[in-house]
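The values are calculated or read from the model by the stated rules, or taken from the named source; none is laboratory data. As the structure is a computational prediction, the values presented were derived from the model and not from experiment. Cβ coordinates were reconstructed from backbone atoms using ideal geometry, including for glycine residues, and neighbour counts include every protein chain displayed. Surface areas here come from the heavy atoms of the whole protein model, side chains and all, with no ligands, DNA or RNA. Shrake-Rupley method; radii C 1.70, N 1.55, O 1.52, S 1.80 Å.
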Amino acid sequence: MSYLNEPPAQRGRPRDAELERRITTTVLELLAEQGYEGVTFEAVARRCQASKATLYRRWPSKRDMVLAAVKDAPAHPSAVPLRRGDTLRDDLLMLAQRLSLTMSATDSNAAFMLLHAGLEDPELCDAIEETVGPTGARLPQAVLDDAVARGELPSGAQSFAYEEVVGTVLLLRRANGLTVDDTYLEALVDTVIIPALTASAGRTDLPAGIFSGHPETSTTTTTTETPLPAAPSRTSPTARSPWTAA
């Protein structure tokens, strides 16, 4: 007999929001402390006192779990749509400022760790950009196209210089306690990035920049041999994702 007025029965148990938040927080802690390799279902389950089955019911892969943790973090500067300026210089400064804000929101070691994760799993970088929004680490093709249309760059200019240089120097300056303010970013854009983008036009041999998400790796060394700064303490309050803001 059919009871048309009855609400449909709920299937399964409702998800525990508090448990899910505890899991994603643990993922970010492990990422900052031990790197991408240290984020395993077993390690996360052990630390947050949950079963691996609980994790697998939510996320089919480690990448999915890491992305969920990044997206679940308290705030995202990149969740705000990227504003566009009237000139190439305006666009480059806004991108660099966004990336600087993103990186300054956490311990520099965590930023190195997620970069290393991207080298190990290039599609992770793409997924972070798509899931969280533009981080400022990449130069959108639309910015180049508009600059060419305005006559600010020659046709065929490529993003290599921005994606190789800006994120790298911001990480290094932050790791060494050096100032990164608007004055510095303006100097970087004016004297390094714009001239380099201009020089890139017509080049067919440029590799992918390190922050492009798909950098080329050496055939003689592995990414695990890249030296990383010492991991922060497990009790450090700054052990958070580099792609989120305070």
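Per-residue SASA remark: Phe160, around 60 Å² accessible (1.4 Å probe; ligands, DNA and RNA not included). From the alpha carbon centroid of region 134-212 to that of region 24-38 is 29 Å. Computed from label points 7 Å out along Cα-Cβ, the spacing between Arg47 and Leu172 is 3.0 nm.
Note on Ser104/Asp145: beta-carbon distance plugged into 1/(1 + (r/R0)^6) with R0 of 25 Å gives a FRET efficiency of 0.25.
Could you please tell me the mean projected area of the C-alpha convex hull for region 166-222, averaged over all directions and given in square nanometres to one decimal?
Average of the hull's projected areas for region 166-222 equals 5.5 nm².
The label point for Ala196 and the one for Arg83, both projected 7 Å from the Cα toward the Cβ, are 2.5 nm apart. The stretch between Asp64 and Gln97, if pulled fully straight at 0.36 nm per residue, gains 9.1 nm over its current Cα-Cα span.
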